[in-house]
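Heads up, the thing below is written out as structure tokens.
The values are calculated or read from the model by the stated rules, or taken from the named source; none is laboratory data. This is a predicted model, so every value here is computed, not measured. Don't worry about glycine lacking a Cβ; one is built from the backbone with ideal geometry, like all the others, and counts go over all protein chains shown. Each accessible area value is taken on the protein alone, full model and side chains, heavy atoms only, with ligands, DNA and RNA left out. Shrake-Rupley method; radii C 1.70, N 1.55, O 1.52, S 1.80 Å.
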Amino acid sequence: MSHRAPSADAAADNGGASLIEAFGGVRGMVDMTLPGLVFIVVFTITKNVAVSSWSAVGLTLVPVAWRLWRRETLKHALGGLLGVGIGAFIAIESGKPQNFYLSSMIYGLVLLVVYAVSALVRWPLIGVMLGPVLGENMTWRTQNPGRLSAYTKATWVWVALFALRALILFPLYWAGQVTWLGVAKIGLGVPPWLVAIYLNWLILSKAPAPIKVNLDEEDPESQAARAVDEAVDGALHELASSPVPQEKHSAER
């Protein structure tokens with residue numbers, strides 16, 4: 001095993017790009033934004049919860065089919081489909097259009113708590129996500145206190161983002177302001193996300209360079225993680241592309 005330290009600026013640039021990918025990439029942000037936009041537009045026109053919900057669900061099937069055809073990873077696309085599907089189910093069953101956004105709002109609260117706890121216990125999630133990607137693994141926890149501090153600050157940026165969303169969205173939800181809730185949900189999506197990425201980049205650009213670890217052979221944990229990831233992707237592709245079984249007719253003429 002050997003160690004080398006790349007420049008801090010290069011690490012920050014790689015970190016920013018890695019963060020974008022970790023949160024679904026630009027296409028992932030579009031996948032999450034468009035269903036909510038379609039829902040609020042269709043509901044404003046029709047005032048029909050079911051029609052609006054099914055329109056949003058239908059839209060999420062497009063990126064799933066596209067990525068399946070291109071044999072790309074389905075994780076982010078299926079995650080978006082699951083989130084929209086849950087929101088649509090709750091909205092249709094309750095008859096309340098604002099419930100279309102409830103599951104994603106609760107998910108945001110869960111992320112707020114998880115990110116905050118990770119920073120408090122000195123296992124900031126931004127470092128956990130970026131460490132292996134940047135080749136430093138977890139050396140930032142024990143050998144590089146400056147990067148531990150930077151990753152902690154970067155994680156608190158996301159805590160602040162999730163808190164801002166909750167402070168704005170939940171009062172609109174409780175007030176039943178469906179249109180404004182939809183507008184706020186869209187406005188609090190990509191723009192603040194880009195701001196958080198930029199702030200993370202600024203923080204990491206001022207941090208000490210990572211202690212990069214080079215392994216001659218892939219360690220068992222990395223092998224296991226990669227194997228699981230490939231197995232999940234393969235199973236999803238096989239499930240999505242498998243033909244529908246045809247019913248056999250036992251009657252003979």
Along the stretch 90-102, what does the Karplus equation 6.51 cos²θ - 1.76 cosθ + 1.60 (θ = phi - 60°) give for ³J(HN,Hα), rounded to whole Hz, x for Gly and Pro?
5, 5, 5, 5, 8, x, 10, x, 5, 6, 4, 9, 5
Can you list the residues, at least 5 places off or on another chain, whose amide H is less than 5 Å from the amide H of Lys212, using H built in the peptide plane?
Arg4, Ala5
Output ordering of 129-136, 101-108 (per-residue mean of other Cβ within 10 Å, highest first) is 129-136, 101-108
Note, ³J(HN,Hα) from phi for the stretch 193-203, Karplus 6.51, -1.76, 1.60, rounded to Hz, x at Gly and Pro
4, 5, 5, 4, 4, 5, 5, 4, 4, 4, 5
For the stretch 99-220, report the accessible area per residue in Å² (1.4 Å probe, heavy atoms, rounded to an integer).
49
Can you list the HN-Hα couplings for the stretch 164-180, worked out from phi with the Karplus curve (6.51, -1.76, 1.60; θ = phi - 60°), rounded to whole Hz and with x for Gly and Pro?
4, 4, 5, 5, 8, 6, 5, x, 5, 5, 5, 7, x, 7, 5, 4, 5
Cα-centre dipole for the stretch 47-205 with unit charges at Cβ (Lys and Arg positive, Asp and Glu negative), debye to 20
120
